[in-house]
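Participant: Take a look at the following structure, please.
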Amino acid sequence: MSVKLILLGPPGSGKGTQGALLGKFYGIPEISTGDMLRQAVAEGSELGKRVQGILTKGQLVPDDVMVSLVEERVSREDCAQGFILDGFPRTVDQARALERVLPGGIDAVVYLRVPREEVIARLAGRLTCRRCGAVYAKTDSSLCQVCGGDLYQRDDDLRSTVEHRLRVYEEHTAPLVGYYRTLDKVREFDGSGPVEEVARRVEAGIARVIA
Ligand code: ADP
Ligand code: ZN
């Protein structure tokens with residue numbers, strides 16, 4: 001059996017957190033394109049140099065770059081039983097490209113809804129692990145509880161950039177909800193409230209799709 005899921009929702013809706021939990025639950029990798037790009041920047045690779053300025057400004061990396069990055073990633077051995085995509089597709093063109101790359105298509109879209117004010121508060125207050133990408137509320141300690149790496153505030157989590165990212169989301173990514181609705185793939189969840197509660201809602205909802 002294989003499980004192919006897409007996480008959809010605004011920045012700060014909890015895609016990374018829920019994706020990691022779902023990935024563990026099904027024993028499949030959670031693939032965060034944001035983490036992949038930030039890692040490329042940290043390594044100073046060709047890709048990293050190309051996308052650094054785009055990330056800082058909260059703009060979108062060109063579709064062709066993202067499609068080849070994801071195409072390569074999902075063809076690896078660890079994706080044989082499926083995967084969870086966090087941050088891709090982010091435009092309707094990326095979604096169409098994904099259909100071409102994946103013969104059977106995806107199983108479901110996990111759409112996390114969170115009110116705009118809560119999203120802004122979460123992003124402006126969050127810290128990210130430099131090593132593994134785990135996210136924390138600002139009041140927590142300065143070390144990652146998963147891997148011991150140090151925590152920092154992403155430069156695109158500053159308030160001015162957060163508002164820009166939300167506009168980019170509304171314009172380019174929110175239309176994907178409609179796109180996947182016509183394919184009858186969307187499962188919608190209330191993403192507000194404690195992490196464990198959201199996780200229980202999502203696991204219950206997805207179990208019905210996969211079974
Ligand atoms: P968020 O927390 O806003 O969901 P991510 O960590 O998923 O952020 O992505 C951070 C940044 O990486 C985005 O603002 C964008 O610049 C770039 N990015 C990630 N995935 C994609 C994609 N599929 N298409 C274009 N740009 C992307
Ligand atoms: Zn960590």
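Participant: Does V109 qualify as being farther than 28 Å from V198 by Cα and either within 10 Å of ligand 1 (Cβ to nearest atom) or among the hydrophobic types (A, V, I, L, M, F, W, C) (or both)?
Facilitator: Working: farther than 28 Å from V198 by Cα: no; either within 10 Å of ligand 1 (Cβ to nearest atom) or among the hydrophobic types (A, V, I, L, M, F, W, C) (or both): yes.
Taking the combined requirement at face value, the residue does not satisfy it.
Participant: Still on this structure, please answer the following. Mind listing just one residue for me: the one in region 117-136 that is among the small types (G, A, S) and more than 19 Å from D35 (Cβ to Cβ) and, of those, farthest from ligand 2 (Cβ to nearest atom)? Give the steps one after another, and end with the answer.
Facilitator: Keep residues of region 117-136 that are among the small types (G, A, S), which gives 121, 124-125, 133-134.
From what's left, more than 19 Å from D35 (Cβ to Cβ): 121, 124-125.
Numbers: A121: 23, A124: 21, G125: 18 Å.
Among them, the one singled out is A121.
Yes or no, residue by residue, for (1) under 27 Å from V61 (Cβ atoms); (2) within 14 Å of ligand 1 (Cβ to nearest atom); (3) at pLDDT 90 or above; (4) of a type in the set (A, V, I, L, M):
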position: P115; (1), (2), (3), (4): no, no, yes, no
position: R122; (1), (2), (3), (4): yes, yes, yes, no
position: C129; (1), (2), (3), (4): yes, yes, yes, no
position: A134; (1), (2), (3), (4): yes, yes, yes, yes
position: A137; (1), (2), (3), (4): no, no, no, yes
position: V146; (1), (2), (3), (4): yes, no, yes, yes
position: D156; (1), (2), (3), (4): yes, yes, yes, no
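Participant: I need a count of the residues in region 64-88 that are in contact with a Phe, Trp or Tyr (Cβ under 9 Å, 6 or more places away or on another chain) and near ligand 1 (Cβ under 10 Å from one of its atoms).
Facilitator: Selection size over region 64-88: 4.
Participant: Among the numbered criteria (1) within 17 Å of the chain's Cα centre (by Cα); (2) closer than 17 Å to G19 by Cα, which one does T173 miss?
Facilitator: Unmet condition: (2).
The rows are residues; the columns are (1) more than 10 Å from ligand 1 (Cβ to nearest atom); (2) free of Cβ contacts under 8 Å to residues at least 60 places away in the same chain; (3) hydrophobic (A, V, I, L, M, F, W, C).
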position	(1), (2), (3)
L22	yes, no, yes
M36	no, yes, yes
L47	yes, yes, yes
V51	no, yes, yes
P62	no, yes, no
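The values are calculated or read from the model by the stated rules, or taken from the named source; none is laboratory data. Note that this is a predicted model, so its numbers are computed, not measured. Heads up, the Cβs are rebuilt from the backbone with ideal geometry, glycines too, and the neighbour counts pull from every protein chain shown.
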